[in-house]
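The structure appears right after this line, and notes come after that.
No lab work stands behind these numbers, since they all come straight from the coordinates. Everything quoted here is computed from the prediction, not taken from an experiment. Virtual Cβ from ideal backbone geometry, glycine too; neighbours counted across all protein chains shown.
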């Protein structure tokens, strides 16, 4: 794909001029898929996304006097990619416009939009979207709470993070995984609660892996705590992946007690 060509030439090349029997929506869907894929691979999305926004979202009618939204095709995977790409360009308005006009959203659509909000410093909007998702009857899954903790980290929502961690298991029956513990740790670390972050790691219901100590080291660096940074680096370097693998989660009763204890410690530390 020659990115130096005018965008309209690219569209015509990929979509082909319609005939009387062609579906305009299917043509636009095919062209959009091709454009998104090629521009994404080429790393040129940010250079063209404004023009592509008009191509994706708007089409002149045959009369040429009115416009209509095109994202009506049942293609959530494509639309999710478009949302993500707009988010990477910090074009949250365009991303939300695509999300709002999708004829069908899968759960990944909600996750992608939540991440777009969080990655652009709009964690409150991401958390509100989570509420809307559950109110519409969608059941959160493991990936949902990864996005929730990311949103909490963006807004400094330590209390919210522990509450969501608790509800994840007790309300939705999801057993926390490594990425969820890392998500809560990220909230503590980014908020500068480094002592609590270290205590959190040491209170995990499994042997902490090097990625936890690496995260703590990064938080020390972020907040200028050189002593903690060096200490965490020593622990990270001394980590033996052969003898310190994350074990299989213990029986439910044991896991439940450890998780509840961990959450209670977090609650008491932050006035919950």
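Report the full-extension gain for the segment residue 171 to residue 141: residue separation times 0.36 nm, less the Cα-Cα distance, to one decimal in nm. List each step's numbers first, then the result.
Working: separation 30, 0.36 × 30 = 10.80 nm, distance 1.17 nm.
Taking residue 171 through residue 141 to full extension adds about 9.6 nm, to one decimal.
What's the FRET efficiency of residue 88 with residue 199 using the Cβ-Cβ distance as r and R₀ = 45 Å, to the nearest 0.05?
Values: r = 35 Å, r/R0 = 0.78.
Efficiency computed from Cβ-Cβ geometry: 0.80.
Can you compute the modelled spin-label distance between residue 77 and residue 234, with each label point 7 Å from Cα toward Cβ, in nm?
5.0 nm
Ranking 104, 180 by Cβ neighbours within 10 Å, fewest first, what do you get?
On the way: 104 11, 180 20.
If I rank by nearby Cβ atoms, fewest first, I get 104, 180.
With a Förster radius of 22 Å, plug the Cβ-Cβ distance of residue 179 and residue 100 into 1/(1 + (r/R0)^6) and report the FRET value to the nearest 0.05. Let's see the in-between values first.
Numbers: r = 28 Å, r/R0 = 1.29.
That gives a FRET efficiency of 0.20.
Compute the separation of the alpha-carbon centres of region 116-136 and region 141-175 and state it in Å as a whole number.
Here the two parts' Cα centres lie 12 Å apart.
If each residue of separation counts as 0.36 nm, what is the full-extension length gain between residue 128 and residue 211 once their alpha-carbon separation is subtracted? The partial results should precede the final answer.
On the way: separation 83, 0.36 × 83 = 29.88 nm, distance 2.97 nm.
In short, 26.9 nm is gained.
With 10 angstrom as the radius, rank 107, 201, 226, 174 by how many other C-beta atoms surround their C-beta, starting from the fewest. Write down the numbers at each step before the final one.
On the way: 107 15, 201 21, 226 9, 174 18.
Fewest-to-most ranking of 107, 201, 226, 174: 226, 107, 174, 201.
What ranking of 177, 217 emerges when the number of other C-beta atoms within 10 Å of each C-beta is taken as an exposure proxy, fewest first? The partial results should precede the final answer.
On the way: 177 14, 217 22.
Ranked by crowding around the Cβ, least crowded first: 177, 217.
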